[in-house]
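Peer 1: Sharing a structure here in structure tokens format.
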Amino acid sequence: MSGTLYLVATPIGNLEDMTYRAVRILGEVDLIAAEDTRVSRRLLNHFEISKPLISYFEHNKRLREDELLQHLLTGEDVALICDAGTPAISDPGADIARSAIEHGINVVPIPGCCAAISALTAAGLDTHQFSFIGFLPREKKDRRAALQAVAAEQRTLVFYEAPHRLKAVLEDMVAAFGEQRRAAACRELTKLHEEFVRGTLAEISEHFAVNDPRGEFVLVIAGAEPPAPTAAPDEADLADMLNELIAGGLPRKAAAKQLAAEYGLSAKDVYAIGLK
Ligand code: SAM
């Protein structure tokens, strides 16, 4: 029988955020695959976990995949961790999880920290629906296009960003979403210098124009306001539109149904207007 692949979340700064279950699983598996083995060695030493450790990161993940699958297929349990937070979220993990599933291997998440979720919960913006965008393209032109593509998105948006690009990204966000869009820049979550800069995009941009961005950031941006509903046409306009559709070959009933759906009206009423 094959082993289990555990995707284990680790702290994003504060070691107290490590879960009991994560410590137990890491202490029980046969092998731990880690993004940067030096970073993970420090974490494992802190929790007195001593297990064989191999690297699994963006540029060797294809090579490593077969090796990890072999371990799993011969019945060994493997844990995957990244430098911080949840594997597979803007970090390696999704590919090996998919391959393991395709090979009939049990894949188990060990939940814990995720910078996106921590930021979202304290940003003070709508959390009912949100869209995780992660890192934006580095090239200005591509970044602006990516922002434009989500400018009308009504769900709260969550981005990861490096400190040296923060000012430029905020400028591009002002251009794409407007100065008045509400947002929160969530810095150094769970760490000593944790900070939330909340306000409009213009205010946040001004804040970082005078306070150099340092540390790690999640940007949470309010979704776009829903477009104002288009006013329903009056009876005379509806009759004209109905006649146009009928002249174009649509049966009266279908034309009434189409206009009713378009303007949120009752098909029966539109049909009746046509008969007048
Ligand atoms: N897998 C991780 C997770 O679950 O959050 C994300 C890893 S991604 C490579 C690293 C990015 O996450 C950083 O550039 C930053 O945008 C965000 N991040 C990670 N730790 C953070 C923290 N303590 N405070 C704010 N942002 C953080």
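Peer 1: Only one residue in H193, H207 is within 33 Å of the chain's Cα centre (by Cα), more than 28 Å from K140 (Cα to Cα) and either open to solvent by less than 50 Å² (accessible area, probe 1.4 Å) or not charged (D, E, K, R) (or both), so which one is that?
Peer 2: Only one candidate qualifies: H193.
Peer 1: Could I ask something else about it? Is at least one residue of region 91-103 at positive phi, open to solvent by less than 60 Å² (accessible area, probe 1.4 Å), within 9 Å of the ligand (Cβ to nearest atom) and within 11 Å of the chain's Cα centre (by Cα)?
Peer 2: No, region 91-103 contains no residue that is at positive phi, open to solvent by less than 60 Å² (accessible area, probe 1.4 Å), within 9 Å of the ligand (Cβ to nearest atom) and within 11 Å of the chain's Cα centre (by Cα).
Peer 1: Follow-up question, since we're still on this one. Go through region 144-164 and count every residue that is open to solvent by less than 40 Å² (accessible area, probe 1.4 Å) and without any contact (Cβ under 8 Å) to a residue 40 or more places away in the chain.
Peer 2: Looking only at that region, the number is 3.
Peer 1: Here is a follow-up. Which pairs have Cβ atoms under 6 Å, sit 6 or more apart or on different chains, and link a residue in region 191-212 that is under 14 Å from V169 (Cα atoms) to one that is small (G, A, S) and away from the ligand (no atom under 11 Å from the Cβ)?
Peer 2: As it stands, the answer is L201/A183; I204/A183, since those pairs meet every condition given.
Peer 1: So which helices (runs of 4 or more DSSP H) are wholly in region 1-82 and hold at least 2 residues that are more than 23 Å from S99 (Cβ to Cβ) and away from the ligand (no atom under 16 Å from the Cβ)?
Peer 2: 20-28, 37-46
Peer 1: Still on this structure: Being loosely packed, with under 15 Cβ neighbours inside 10 Å and either touching a residue at least 40 places away in the same chain (Cβ under 8 Å) or assigned to a helix (DSSP H, G or I) (or both) is the filter here, so list the residues in region 230-257 that pass it.
Peer 2: E235, A236, D237, D240, N243, E244, A247, K253, A254
Peer 1: Report, by residue number, each residue of region 113-143 that is part of a loop (DSSP other than H, G, I, E, B), in contact (Cβ under 8 Å) with a residue 40 or more places away in the chain and open to solvent by less than 30 Å² (accessible area, probe 1.4 Å).
Peer 2: Matches in region 113-143: C113, C114.
The values are calculated or read from the model by the stated rules, or taken from the named source; none is laboratory data. What you see is a predicted model; the values in this text were computed from it and never measured. Backbone-built Cβ (ideal geometry, glycine too); neighbour counts: all protein chains shown. SASA here: full protein model, heavy atoms, side chains in, ligands and nucleic acids out. Shrake-Rupley method; radii C 1.70, N 1.55, O 1.52, S 1.80 Å.
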